[in-house]
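Asker: Have a look at this one before I ask anything.
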Amino acid sequence: MKLTDIETFVVGNPPPHFGGRYFVFVKLTTDSGVSGIGEAYCVPFEPHLVAKMIEDVFARYLAGHDPHDIETMWRRVYSSGFTQHPDVTLMGVLSALEMACWDIIGKEANKPVYKLLGGQVHERLRAYTYIYPRPGDTKDVYHDPDLAAERSAEYLSQGFTALKFDPAGPYSAFDGRQLSLEALDLCERFAKSLREAVGMKADLLFGTHGQMTAAGAIRLAKRLEPYDPLWLEEPVPPDAPEEMAKVARATSIPVATGERLTTKYDFARLLRAGAAAILQMNLGRVGGILEAKKIAAMAEVDHVQIAPHLYCGPIVGAANIQIATCSPNFLILESIETWGGFHTEILKSPIRFEEGHVIPSTAPGLGVELNEDVARANPYTGNMLHLEMTQHPVQ
């Protein structure tokens, strides 16, 4: 079996854009006619250029090779251009291609990918969602604790037992920083209102995006501790695991992080520093499915859990499901609400969601198929990136 063909899709994610402005998918096909799909997460370049990068890497290192040879392919791409260093761009490209290879491998074996990576551990995967806005909202659910508390009841009725929210304000190219007293007060009021609203029916996941210094994050954590969040997410920028470790040592709240990290090398530094209790690798950035399995295994040694990150499309979501299903130290899975809307339309069959849990598919490969007609009918025509940071200091 040899890889012969590639097709990329840059798909606009229609309003309300939950999961980002666009998705970058790749389809690989072998000489025997078996196809697999993958997705790159948040590569920091214009998405059509990212698609060209994916095609270039395929031509250099994958075309004509057996998709089963994941380790050989991985080392060749990781070393491309004399790098051999974690690089979010190259690893995002590699993740999409590696994911598609695993989809092919599973289809060839007629097994879900999780059956090929140690087998099924979990029959159901506990899931959480952000608290999202609704059409017609007269207040901002990201900044109004009363509306967020009201909305939480809706999510509980859908079966969710964990909710994430981020009231800490914008994340900036100039972070970390000290949050203002007003921002600290808002964060505390959010935690208080939501805990009162959900009681013991749901965990609260406090999501930040590296806005703070370690000292600033410790100040925030002391305000949040009475409301017992399941985690404090990425409290400081991801480039200093030693600083994140200061936060982890100073609070009883578990620290979660990892969406902006890539490869086992980044995560090894995090683990050595004792910086996190929960790892949030994104399968569309971390270096692919096998790399995520290696990271999960390293974490298992230190009794650290994994909670695969998702703020992109459902192909990464399907890969997350594979790694979660076969990992003993899986904690919880990020969902985009209940996987409805465009996340259902872009697939031929939806991801199965029941009572706050994802049910792993028994279909071969990743367990999902891209609806290529829908993908082609929704091209991305904008010029903004998947996610953007505030470009000036936040006072």
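Asker: Select the helices (runs of 4 or more DSSP H) contained entirely in region 277-359, then report the ones holding at least 3 residues which are surrounded by fewer than 23 Cβ atoms within 10 Å (Cβ to Cβ) and over 17 Å from the mean Cα position of the chain (by Cα).
Answerer: 289-301, 342-345
Asker: Determine if region 295-306 includes at least one residue that is at pLDDT 95 or above, outside the structural domain of PRO14 (by TED's automatic domain parsing) and over 29 Å from ASP228 (Cα atoms).
Answerer: No; the residues of region 295-306 include none that is at pLDDT 95 or above, outside the structural domain of PRO14 (by TED's automatic domain parsing) and over 29 Å from ASP228 (Cα atoms).
Asker: Filtering region 9-53 down to residues that are touching a His at 6+ places or on another chain (Cβ under 9 Å) and part of a strand (DSSP E or B), which residue is surrounded by the fewest Cβ atoms within 10 Å (Cβ to Cβ)?
Answerer: The selected residue is VAL10.
Asker: Could you grab me the full set of residues in region 124-146 that are more than 17 Å from ALA318 (Cβ to Cβ), part of a loop (DSSP other than H, G, I, E, B) and either charged (D, E, K, R) or not assigned by TED's automatic domain parsing to the domain that holds GLU354 (or both)?
Answerer: ARG134, ASP137, LYS139, ASP140, ASP144, listed by residue number.
Asker: Now for a different question. Only one of (1) buried (at least 22 other Cβ atoms within 10 Å of the Cβ); (2) without any contact (Cβ under 8 Å) to a residue 24 or more places away in the chain fails for VAL93. Which number is that?
Answerer: So VAL93 meets the others, but not (2).
Asker: Sort out which residues of region 360-377 are over 13 Å from ARG126 (Cα atoms) and either touching a Phe, Trp or Tyr at 6+ places or on another chain (Cβ under 9 Å) or surrounded by 21 or more Cβ atoms within 10 Å (Cβ to Cβ) (or both), and write them in order of number.
Answerer: GLY365, LEU366, GLY367, VAL368, LEU370, GLU372, VAL374, ALA375, ARG376
Asker: Moving on. So which residues in region 132-165 are within 18 Å of LEU232 (Cβ to Cβ) and in contact (Cβ under 8 Å) with a residue 60 or more places away in the chain?
Answerer: ALA162, LYS164
Asker: Among the residues in region 64-75, are any buried (at least 18 other Cβ atoms within 10 Å of the Cβ), touching a Lys or Arg at 6+ places or on another chain (Cβ under 7 Å), modelled with pLDDT of 95 or more and not polar (S, T, N, Q)?
Answerer: No; the residues of region 64-75 include none that is buried (at least 18 other Cβ atoms within 10 Å of the Cβ), touching a Lys or Arg at 6+ places or on another chain (Cβ under 7 Å), modelled with pLDDT of 95 or more and not polar (S, T, N, Q).
Asker: Any residue that is farther than 21 Å from ALA319 by Cα and polar (S, T, N, Q) - is there at least one of those in region 30-37?
Answerer: For region 30-37, residues farther than 21 Å from ALA319 by Cα and polar (S, T, N, Q): present.
Condition check ((1) under 22 Å from ARG76 (Cα atoms); (2) without any contact (Cβ under 8 Å) to a residue 12 or more places away in the chain; (3) of a type in the set (A, V, I, L, M); (4) in contact with a helix residue (DSSP H, G or I) (Cβ under 9 Å, 6 or more places away or on another chain)) across all residues:
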{"position": "VAL11", "(1), (2), (3), (4)": "no, no, yes, yes"}
{"position": "PRO16", "(1), (2), (3), (4)": "no, no, no, no"}
{"position": "TYR22", "(1), (2), (3), (4)": "no, no, no, yes"}
{"position": "PHE25", "(1), (2), (3), (4)": "yes, no, no, yes"}
{"position": "LEU28", "(1), (2), (3), (4)": "yes, no, yes, yes"}
{"position": "ASP31", "(1), (2), (3), (4)": "yes, no, no, no"}
{"position": "GLY38", "(1), (2), (3), (4)": "yes, no, no, yes"}
{"position": "VAL50", "(1), (2), (3), (4)": "yes, no, yes, yes"}
{"position": "GLU55", "(1), (2), (3), (4)": "yes, no, no, no"}
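Asker: From (1) assigned to a helix (DSSP H, G or I); (2) surrounded by 15 or more Cβ atoms within 10 Å (Cβ to Cβ), pick out the condition that doesn't hold for ALA59.
Answerer: If we test ALA59 against (1) assigned to a helix (DSSP H, G or I); (2) surrounded by 15 or more Cβ atoms within 10 Å (Cβ to Cβ), just (2) comes out false.
Asker: For residues that are surrounded by 17 or more Cβ atoms within 10 Å (Cβ to Cβ) and acidic (Asp, Glu), scanning just region 213-249, find the one that is farthest from ASP266 (Cα to Cα).
Answerer: The selected residue is GLU233.
The values are calculated or read from the model by the stated rules, or taken from the named source; none is laboratory data. The structure presented is a predicted model; accordingly, all values stated were derived computationally and were not measured. Every residue, glycine among them, receives a Cβ derived from its backbone with ideal geometry; neighbour counts consider all protein chains shown.
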